[in-house]
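Data block below; observations after.
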Amino acid sequence: MAEDRRTRRTRRALRDALVALVMERGYAALTVEDITERADVARATFYSHCRDKDALFTRVTTDLLQELGERLQPLADKSDTGFTGEPLLALLHHAEEERDLYRVILRGEGDGKPLRMFTEEAVRRISAVFRRRAEQNHREPRIDPEVIARAWVGEHFAVMQWWLEGEEGRMPAEGLAELLLGLSRHGRYWASGFDPAD
């Protein structure tokens, strides 16, 4: 038990050091020595957890995705009847809690690998929800659900990056979720001020 706590503390220290240093200097400039010094962890300890900084960033991203997945799973079933906005709001609250980590991922640090991981996992989950929703409501999608999911993820991640990179409190998560929910329900034509008859 003590070993587990120590391992968790070490992993958290390495994660926090990585994120803080990327925010300060950018990913490319970092060395393992920089990370271990900031985390106050011996190099041998670092290498017992990760082979290099890329592996650390990958593990940090995987942990973030797992944590997010655990939060979203109970909400996924509720969204089968339509766009409730609850999973989106949960994502935005998670992004607020892990603001700097989301920022370094959404910026494409680490040659974009963490962003690709994040995007592919989001597309996989969201396309499954869209497919299930269509089946349960006896609908035939007009566009492949994977294409819909990729469009959804792309626009939402771009908006999230803009939101997270701005001043804290520029817009509450609830307000942003409501705007994006309207866009999802009604589309860009409606969002631009046009009515279907125009």
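The values are calculated or read from the model by the stated rules, or taken from the named source; none is laboratory data. Note that this is a predicted model, so its numbers are computed, not measured. Methodologically, a virtual Cβ is constructed for each residue, glycine included, from the backbone with ideal geometry; neighbour enumeration extends over all protein chains shown. Please note that ligands, DNA and RNA were not included when accessible areas were found on the heavy atoms of the full protein model with its side chains. Shrake-Rupley method; radii C 1.70, N 1.55, O 1.52, S 1.80 Å.
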Restricting to the range 3-48, give me the number of residues that are in contact with a Ser or Thr (Cβ under 8 Å, 6 or more places away or on another chain) and surrounded by fewer than 13 Cβ atoms within 10 Å (Cβ to Cβ). 2
Quick check on this structure: which one of LEU101, LEU106 is over 17 Å from VAL159 (Cβ atoms), modelled with pLDDT of 95 or more and open to solvent by less than 20 Å² (accessible area, probe 1.4 Å)? LEU101
Determine if the range 79-88 includes at least one residue that is assigned to a helix (DSSP H, G or I), free of Cβ contacts under 8 Å to residues at least 24 places away in the same chain and open to solvent by 50 Å² or more (accessible area, probe 1.4 Å). yes
Only residues that are among the acidic types (Asp, Glu) and either closer than 16 Å to LEU21 by Cα or not in a helix (DSSP H, G or I) (or both): list them for the range 89-109, please. GLU98, ASP100, GLU109
So in the range 127-145, with the set limited to residues that are part of a helix (DSSP H, G or I) and open to solvent by 30 Å² or more (accessible area, probe 1.4 Å), which one is nearest to ALA55 (Cα to Cα)? ALA128
Quick one: GLY85 ticks every box in (1) within 29 Å of ALA20 (Cβ to Cβ); (2) touching a helix residue (DSSP H, G or I) at 6+ places or on another chain (Cβ under 9 Å) except a single one, so which number is it? (1)
For the range 15-36, state whether one or more residues are closer than 22 Å to GLU97 by Cα and part of a loop (DSSP other than H, G, I, E, B). yes
In the set LEU72, LEU92, the lone residue that is open to solvent by 30 Å² or more (accessible area, probe 1.4 Å) and in contact (Cβ under 8 Å) with a residue 40 or more places away in the chain is LEU72
Can you tell me which residues in the range 146-171 are open to solvent by 80 Å² or more (accessible area, probe 1.4 Å) and either aliphatic (A, V, I, L, M) or free of Cβ contacts under 8 Å to residues at least 40 places away in the same chain (or both)? VAL147, ARG150, TRP162, GLU167, ARG170
Any hit, the range 110-119, residues being part of a helix (DSSP H, G or I), loosely packed, with under 13 Cβ neighbours inside 10 Å and not β-branched (Val, Ile, Thr): no
